[in-house]
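Input: a single structure, listed below in structure tokens.
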Amino acid sequence: MAKSLIFIISMLIFNIGFAQNSTKKNETKDYFNTRNIKTIHKLGSYQIKINKSKIYFNKIHGNISSPLKYSNLYTEFDFNNTYEIKDSLSNTYYFKFGWVSFKENETMFSNINWIDDNRPKEIDGFSDFEFSVVNIDYIQFGNISLCTIGDSQTWWSNAQNLRKFINQSYPNLIFIGSNTDVFGYGHEGEGGNSTYQLIKRINRIPKADYYTLLIGTNDWKNDIETTFINIVEVTESLTKINSNAKILYLTPIPTENEERDSFNTNLKDKLVFNFKENKNVVVIDLGNEMRKNDNWKSDYLSYDGLHQSIQGVQFMSKLIAMKIKTISNNVYD
């Protein structure tokens, strides 16, 4: 009897220890605080069907194009909002989405992140769901703030993973910005932005220890001198926000469009030369590092020849994380 009792206690201790080790191994450092959820605005009922990382809206709802306006309103759909959906049985789910498209009179949300991986079952037909905009704090752990600034190459499609991948390489970071990606990290990327559009929203950018700047490829049909001046102005504005900040200028990634690629290369050469004497700006020659791989087109670019593949985002994330870690260690040693 005593031996049996000792065996049972030993197994219990083993299982508890195994469970704790498994939890530690699989736990995510940063997280959505789902214990404290606040409803901000009820959007009403929508008929939807769900398929993997996509939500399809019934044609009766028309073209839901409001996310593309970047208006940051709680009263309509927006990339920065977090959503609650509730079915007829009051089953509740929370998500963020990264893109919207409209085809054959049907709106589709894609790049869905179901918070806590709690997702509804896939639905073939349309069902009624109640939609609400909610506030769920995203808790980050770290001592160094980073704001990633740019266009779609910093947040759209595969680039939604940019901050998550950077954080995996250097977890001591907190990501800030007036926008949020599907994982909850703050950023300052907006799809289609030119340098002029970035300047117009420069006052929204918060004070940070580090900034990454990847911008200019959408100016390729404009005057290169104007684009150069605009980017210099952006760096000067960031220095005014925080005179001690380090601005990591990321040179443009290579593209399959030769005219665009030539513009980006010439722009890069002018900026790299200009930044040589600037103590606040650190150049990460992202484009050159990618070109060192003879297979950069297939390895680092997606199907459109402009935006990054997952591997491309991972590549740039490691370069950014390595540079910040090196600078930070030198500062705090």
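Could you state the number of Å between the C-alpha centres of the range 281-331 and the range 79-111? Centre-to-centre (Cα) distance: 31 Å.
Given the -39500 (n - 2.57) contribution per DSSP H run of 4+ residues, what per-residue ellipticity at 222 nm results for the chain, rounded to the nearest 500 deg cm²/dmol? Helix-only estimate at 222 nm: -10500 deg cm²/dmol.
For the peptides 235-242, 310-317, the ranking by packing is 310-317, 235-242, with the highest mean count of neighbouring Cβ atoms within 10 Å listed first. Distance between the 7 Å Cα→Cβ label points at Glu259 and Phe131: 3.8 nm.
Here the chain is treated with +1 on each Lys and Arg Cβ and -1 on each Asp and Glu Cβ, and its dipole about the Cα centre works out to around 980 debye. Rolling a 1.4 angstrom probe over the chain with all protein chains present gives an accessible area of which 49% lies on carbon and sulfur atoms.
Seen from Ala159, the other residues with C-beta closer than 14 Å to its C-beta sum to a net charge of -3, counting Lys and Arg as +1 and Asp and Glu as -1. Calculated from the alpha-carbon coordinates, the chain shows an Rg and a Dmax of 22.8, 87 Å respectively.
Find how much the distance from Asn295 to Asn222 grows on full extension, using 0.36 nm per residue of separation minus their present alpha carbon separation; answer in nm with one decimal.
On the way: separation 73, 0.36 × 73 = 26.28 nm, distance 2.94 nm.
Roughly 23.3 nm would be gained on extension.
Let me test this: with uniform point scatterers at the alpha carbons of the range 32-76, what is the Debye-based log₁₀ I(q)/I(0) at q = 0.15, 0.28, 0.29 1/Å? Debye output, listed in q order: -0.59, -1.12, -1.11. With respect to the chain, whose longest principal axis is taken over its alpha-carbon atoms, helix 224-241 is tilted by about 60°.
Put a dot 7 Å past the Cα of Ile310, heading toward its Cβ, do the same for Ile241, and the two dots end up 3.1 nm apart.
Answer rounded, prolate or oblate for the range 216-299, using the Cα gyration tensor with square roots of eigenvalues a ≥ b ≥ c: rounded when a/c is under 1.5, else prolate when a/b is larger than b/c, else oblate.
In terms of gyration-tensor shape, oblate.
Here Lys54 sits with roughly 70 square angstrom of accessible surface, probe radius 1.4 Å.
Put a dot 7 Å past the Cα of Phe141, heading toward its Cβ, do the same for Val272, and the two dots end up 3.9 nm apart. Calculated accessible area for the chain comes out at 52 Å² per residue, all protein chains present (probe 1.4 Å; ligands, DNA, RNA ignored).
Neighbours of His307, meaning other residues whose beta-carbon lies under 12 angstrom from its beta-carbon, give a summed charge of -3 when Lys and Arg score +1 and Asp and Glu score -1. When only the Cβ of Lys, Arg, Asp and Glu is charged (+1, +1, -1, -1), the dipole of the range 110-181 relative to its Cα centre reaches about 360 debye.
The values are calculated or read from the model by the stated rules, or taken from the named source; none is laboratory data. In this text the structure is predicted, and so the values were computed from the model without any measurement. Here the Cβ is made from the backbone with ideal geometry for all residues, glycine too, and neighbour counts use every protein chain on show. Heavy atoms of the whole protein, side chains included, go into the accessibility calculation; ligands, DNA and RNA do not. Shrake-Rupley method; radii C 1.70, N 1.55, O 1.52, S 1.80 Å.
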